Amino acid sequence: MGEIRSVAVIGAGVMGASIAAHAANAGVDVLLVDIVKPGAVERNAIACATIERLKKMEPAPLMGSRAARLITAGNIEDDLVAVGRCDWIVEAVVEKLEVKQALYARLDAVRKEGSVVSSNTSTIPLRELTAGMPEGLARDFCITHFFNPPRYMRLLEMVGGEGEAFAPLRGFLDQGMGKTVVSCKDTPGFIANRIGTYWVQCAMVLALEMGLEVEEADAVMGKAMGFPSTGVFGLIDMVGIDLALHVNASLARLLPEGDVFHAMNRHGAVFTQLVAEGFTGNKGKGGFYRSARGADGKKQ
Ligand code: NAI
């Protein structure tokens, strides 16, 4: 296959909508699909709003005004065949192995020869994603792990994707989307989430064992530590507490017994509780920040 000219993004959530906008901004046709039918127009609006923000960025984005019309938002049931015609299909659906694998089986039936497929998973190992996958798809499959928000974060972790078939994708990620592609081994949490999880655990200890407010813990573990905009709790709210719960559970399952993660992971139940109460972070009704406040904005 030559260059990447068309991209299908599956899952129009926090990451998918933003990846779609960023890819469109690099000048390729983008099809953004989700299972949520009534939400398609709304999600397209999210993607377009992301493009509007991109346009205001300095230096000026690559394609500017062309980008908005390059995105088509739709529904996977109606658009599966169109997804199969794209050069690169990137899956950004919920962090559940069984949901992702069921989707790959459907993609295998429709995707065109020479296309590449990747997952944006945060923590599911490549070997688990590809277990039982048809050989042809497994050969053309890799992990492309973007960071949130995709338009600002330059790092992209790639697991697999070493062969010649992936050269156009690597070129597009690097030159088209402006990412610094780092090849990772198929280890738990790859590189960034493995390290990042210790940062999260430290913040939980500060807040829950030393009695700091989330704002105070963020002040210590945020800008003061050289992080650009937010501290740990603000970041978890942005990422999604439901996802943080999945990442925690994955690492707990994948890391060996003696790993320091297990000793530090004393407060994972907080994520479970917040999600059970509907506090999934910024994409929902709030998370660590708004959950600590009443509707009037006062601390409870
Ligand atoms: P999200 O929960 O915001 O969005 C997931 C979307 O997938 C939803 O809109 C849902 O309706 C859709 N979906 C579920 N099943 C589907 C299916 N079978 N077909 C089509 N659409 C389907 O999730 P988010 O946060 O965007 O995460 C997506 C992936 O990206 C996950 O694998 C996650 O681990 C990964 N990721 C998330 C990051 C974050 O900061 N939120 C950062 C890096 C990776």
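Failed condition for residue 170, given (1) over 28 Å from residue 99 (Cβ atoms); (2) free of Cβ contacts under 8 Å to residues at least 60 places away in the same chain; (3) surrounded by fewer than 21 Cβ atoms within 10 Å (Cβ to Cβ), with all others met?
(1)
Please specify each residue of the stretch 1-55 satisfying the condition of being among the charged types (D, E, K, R), touching a helix residue (DSSP H, G or I) at 6+ places or on another chain (Cβ under 8 Å) and at pLDDT 85 or above.
Passing the criteria: 3, 29.
Every residue, every condition in (1) surrounded by fewer than 23 Cβ atoms within 10 Å (Cβ to Cβ); (2) closer than 20 Å to residue 18 by Cα; (3) without any contact (Cβ under 8 Å) to a residue 12 or more places away in the chain; (4) away from the ligand (no atom under 14 Å from the Cβ), yes or no:
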{"site": "97", "(1), (2), (3), (4)": "yes, no, no, no"}
{"site": "113", "(1), (2), (3), (4)": "yes, no, yes, yes"}
{"site": "117", "(1), (2), (3), (4)": "no, yes, no, no"}
{"site": "121", "(1), (2), (3), (4)": "no, yes, no, no"}
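Filtering the stretch 239-269 down to residues that are more than 16 Å from the ligand (Cβ to nearest atom) and assigned to a helix (DSSP H, G or I), which residue is nearest to residue 188 (Cα to Cα)?
Among residues in the stretch 239-269 that are more than 16 Å from the ligand (Cβ to nearest atom) and assigned to a helix (DSSP H, G or I), the one nearest to residue 188 (Cα to Cα) is 261.
The values are calculated or read from the model by the stated rules, or taken from the named source; none is laboratory data. A quick note: this is a predicted structure, and the numbers were derived from the prediction, not measured. With ideal geometry, Cβ positions are generated from the backbone for all residues, glycine too; neighbour counts draw on all protein chains shown.
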